[in-house]
Amino acid sequence: MSMTRTGETASKRRWLVPGLCVVIAAAYAAVFLAHDRPLAATIGAAIMLAYAAVLVVFSRRSEAVALLREDERDERRSMITTRAAATTLYALVLLALTMVFVQLARGLEPGPWGVICGVGGLTFIVATVYHSRRY
Amino acid sequence: MRSDVRELRAAEGLSQQALGQALGVSRQTINAIEQGRYDPSLPLAIRMARYFGRTVEEVFHVDDEDR
């Protein structure tokens with residue numbers, strides 16, 4: 001994705017992730033308050049708002065923070081984001097597979113972990129087929 | 001991959017930020033290319049070469065160990 005996008009679109013994109021953090025903070029607060037847990041609501045919302053603040057304040061000073069904010073994309077930054085996403089996926093797959101076998105070893109059903117592995121595996125197969133035909 | 005981007009940029013009196021803006025990439029990406037940490041895509045390599053009025057082969061140098 002080029003940084004030559006229109007300034008207006010790029011400006012909107014810069015506020016997408018911080019805005020999402022604020023929405024998540026509000027969701028945390030609403031859910032915890034609905035269950036009468038004001039402390040958890042405060043902490044959950046504060047963490048997300050602090051994260052949003054870090055993104056806004058430090059995105060001009062740190063490239064890593066700019067990447068987390070989805071600020072000013074170019075081909076190298078897209079590659080970094082893709083590799084970071086792949087690393088994250090490996091960690092999640094390792095966790096889900098480990099938990100599936102832990103559940104099975106306990107004589108229990110895999111439950112949500114099995115669903116995650118199934119959906120993840122199927123998505124990977126479909127995505128591989130799609131991208132292999134596209135490129 | 002080695003490149004002459006730093007020398008060409010310096011000869012033009014450009015900062016990494018200015019070159020990045022001219023090419024539509026970040027300052028850090030220009031720095032990574034100059035340091036040899038990042039190999040640009042073919043379109044970006046062509047844009048850089050054209051910017052300096054050179055061919056891609058004149059700007060970027062592929063050594064045997066890069067293959």
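General observations
- Stretch gain in nm, segment A:Ala30-A:Trp15, where the contour uses 0.36 nm per residue and the Cα spacing is subtracted: 3.2 nm
- Under 14 Å, Cβ to Cβ, from A:Ala66 - net charge with Lys/Arg +1 and Asp/Glu -1: +4
- Positive-end residue, the protein assembly as shown charge dipole about Cα centroid, Cβ charges, pick of B:Phe60, B:Ile46, A:Thr81: A:Thr81
- Accessible area buried by the pairing of B and A, both sides summed with a 1.4 Å probe, works out to roughly 800 Å².
- Cα-based Kirkwood hydrodynamic radius, the protein assembly as shown, one decimal, Å: 20.8
- Phi-derived couplings, Karplus 6.51 cos²θ - 1.76 cosθ + 1.60 at θ = phi - 60°, listed residue by residue for the range A:37-54: 10, x, 5, 4, 4, 5, 5, x, 5, 5, 4, 5, 5, 5, 4, 4, 5, 4 Hz, with x used for Gly and Pro.
- Surface exposure of the protein assembly as shown, expressed per residue as accessible area with a 1.4 Å probe, stands at 66 Å².
- Restricting the calculation to alpha carbons of chain B gives Rg and Dmax of 10.9, 32 angstrom.
- Options A:Ala105, A:Val126, A:Ala52, ranked by Cα towards positive dipole end of the protein assembly as shown, top entry (Cβ charges): A:Ala52
- Only Lys, Arg (+1) and Asp, Glu (-1) charged, at Cβ; chain A dipole about Cα centre in debye: 340
- Residue-averaged [θ]222 nm for chain A, counting only DSSP H segments that reach four residues, each worth -39500 (n - 2.57): -27000 deg cm²/dmol
- Only protein atoms count toward the accessible area here, which uses a 1.4 Å probe; on the protein assembly as shown, the carbon and sulfur part of that area reaches 64 percent.
- Partner shielding of B:21-30 amounts to 6, given as the average count of beta-carbon atoms from other chains within 10 Å of each residue beta-carbon.
- Hydrodynamic radius by Kirkwood, which averages 1/r over all alpha carbon pairs of the range A:53-135, in angstrom: 15.4
- Minimum 10 Å² accessible area buried by the other protein chains, the range A:68-89 residues, probe 1.4 Å, relative to alone: A:Asp74, A:Glu75, A:Arg76, A:Arg77, A:Met79
- Between A:Thr98 and A:Thr128, residue separation times 0.36 nm minus the direct Cα-Cα distance comes to 8.4 nm.
- Cβ charges +1 (Lys, Arg) and -1 (Asp, Glu), total dipole of chain B, debye: 380
- Principal axis analysis of the Cα atoms in the range A:1-73 yields extents of 48, 22, 14 Å, listed in decreasing size.
The values are calculated or read from the model by the stated rules, or taken from the named source; none is laboratory data. Just so it is clear, the structure is predicted and the values come from calculations on it, not from any experiment. FYI the Cβ positions are ideal-geometry reconstructions off the backbone, even for glycines, and counts take in every protein chain you see. We work out accessible area using only protein heavy atoms, side chains counted, and drop any ligands, DNA or RNA first. Shrake-Rupley method; radii C 1.70, N 1.55, O 1.52, S 1.80 Å.
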